[in-house]
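Okay, structure first, notes after.
The values are calculated or read from the model by the stated rules, or taken from the named source; none is laboratory data. Computed from a prediction, not measured in an experiment: that's the story for all the values here. Cβ coordinates were reconstructed from backbone atoms using ideal geometry, including for glycine residues, and neighbour counts include every protein chain displayed. Heavy atoms of the whole protein, side chains included, go into the accessibility calculation; ligands, DNA and RNA do not. Shrake-Rupley method; radii C 1.70, N 1.55, O 1.52, S 1.80 Å.
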2 protein chains.
Amino acid sequence: MFSKATEYALRAVIFIAQKSSEQQKLGLAEIADAIHSPQFFTAKILQKLTLHNQVISSVRGPNGGFYITDAAKQKSVKSIVEVMGEGELFDKCVLGLNRCSEKNPCPMHDQYKPIREDFVSLFDHQTIEEMAQEMNSGSFFIRNE
Amino acid sequence: MFSKATEYALRAVIFIAQKSSEQQKLGLAEIADAIHSPQFFTAKILQKLTLHNQVISSVRGPNGGFYITDAAKQKSVKSIVEVMGEGELFDKCVLGLNRCSEKNPCPMHDQYKPIREDFVSLFDHQTIEEMAQEMNSGSFFIRNE
DNA sequence: ATAATAAAGGATAATATTGTCCTTTATTAT
DNA sequence: ATAATAAAGGACAATATTATCCTTTATTAT
């Protein structure tokens, strides 16, 4: 489904949203450890998410680290996927056809369309904050083993 | 979603199911042209699908080529994905967690589960023959450009 | 039997993705 | 101001995926 990079991105952002604040920033090592992702690869991903403060924010130096603003927490989970450059998936033909559309459909189109719409709707409506709140309940996890 | 290899596989099998029979086999060049896929890469994919006649069948030599039996046409579209080695997608966690389950869910699990179930159900119930019949109606296409 | 044909299979190349390391830059505390 | 810290960014390595080519094997028609 998603690339590893995007999987790490989603998990990292959920963790940051759960644990960080502008006062309480998180370091790379801590984040990579929490979601069990390769540290330096994760650094690249966080860099991408930080660019123009699209999703998360960061400050360098002592007591620096990554955090997310309350405003950004209202963004959708879909927006994380989009910043990672995989938004194409949300409207891609399941058979990989460039020109597949309502008017010019592949033989899976009509059946796949409602499923894809549900999928898009989930990612579009679910906010980062909602994910973080679920995490706070203690009955969900994001660490791989 | 799927790899290019699997996309080509799905389109190739649909085309073979639509146009071939044990009497009327299709050559590699014809297939690759029909779905507009790289010919030699497609050869590798057809090889995989032909192994043990899992999905399609083939004969070498003059008047040889690829075809599909009536029995195989009753197989699901999901089985094509599985032979291509991507069946994992049908029960994979959307955040890429190995241990994600009902008892031990990721924060997307509960919401994603019904969508994934619909997705699996579509691929599991849709047969190759049904796809081929849709193609025969003339209002669907599988050629990329 | 022989030649022609078409898939099977092996080897290799090109590209993309994933992962690591090292230097630079910004920030903070002293 | 200086030193320490932590992210940013560049370079590179490892692996996986995609794609191509060449030889071998099976099959058919002559």
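Selection of helices (runs of 4 or more DSSP H) fully inside the stretch B:1-119 by the criterion of at least 1 residues being at pLDDT 95 or above and within 15 Å of DNA strand D (Cβ to nearest atom) returns B:4-19, B:28-35, B:39-50, B:77-83. A residue that is open to solvent by less than 10 Å² (accessible area, probe 1.4 Å), of a type in the set (Val, Ile, Thr) and under 20 Å from B:SER79 (Cα atoms) occurs somewhere in the stretch B:50-58. Counting the residues of the stretch B:117-131 that are more than 8 Å from chain A (Cβ to nearest Cβ) and open to solvent by less than 40 Å² (accessible area, probe 1.4 Å) gives 4.
Taking the condition touching a helix residue (DSSP H, G or I) at 6+ places or on another chain (Cβ under 7 Å), closer than 20 Å to B:GLU117 by Cα and of a type outside the set (A, V, I, L, M), does B:GLY96 pass? In short, yes.
Somewhere in the stretch A:81-91, is a residue within 11 Å of chain B (Cβ to nearest Cβ) and of a type outside the set (A, V, I, L, M, F, W, C)? Scanning the stretch A:81-91, I find at least one residue that is within 11 Å of chain B (Cβ to nearest Cβ) and of a type outside the set (A, V, I, L, M, F, W, C), so the answer is yes.
Run down A:LYS4, A:LYS19 and say which single residue is surrounded by fewer than 20 Cβ atoms within 10 Å (Cβ to Cβ), within 14 Å of chain B (Cβ to nearest Cβ) and either more than 30 Å from B:GLY87 (Cβ to Cβ) or more than 10 Å from DNA strand C (Cβ to nearest atom) (or both).
On the way: A:LYS4 fails: either more than 30 Å from B:GLY87 (Cβ to Cβ) or more than 10 Å from DNA strand C (Cβ to nearest atom) (or both).
Just one listed residue meets the conditions, A:LYS19.
Filtering the stretch B:52-87 to residues that are within 24 Å of B:VAL120 (Cβ to Cβ) and near DNA strand C (Cβ under 9 Å from one of its atoms) leaves only B:ILE56.
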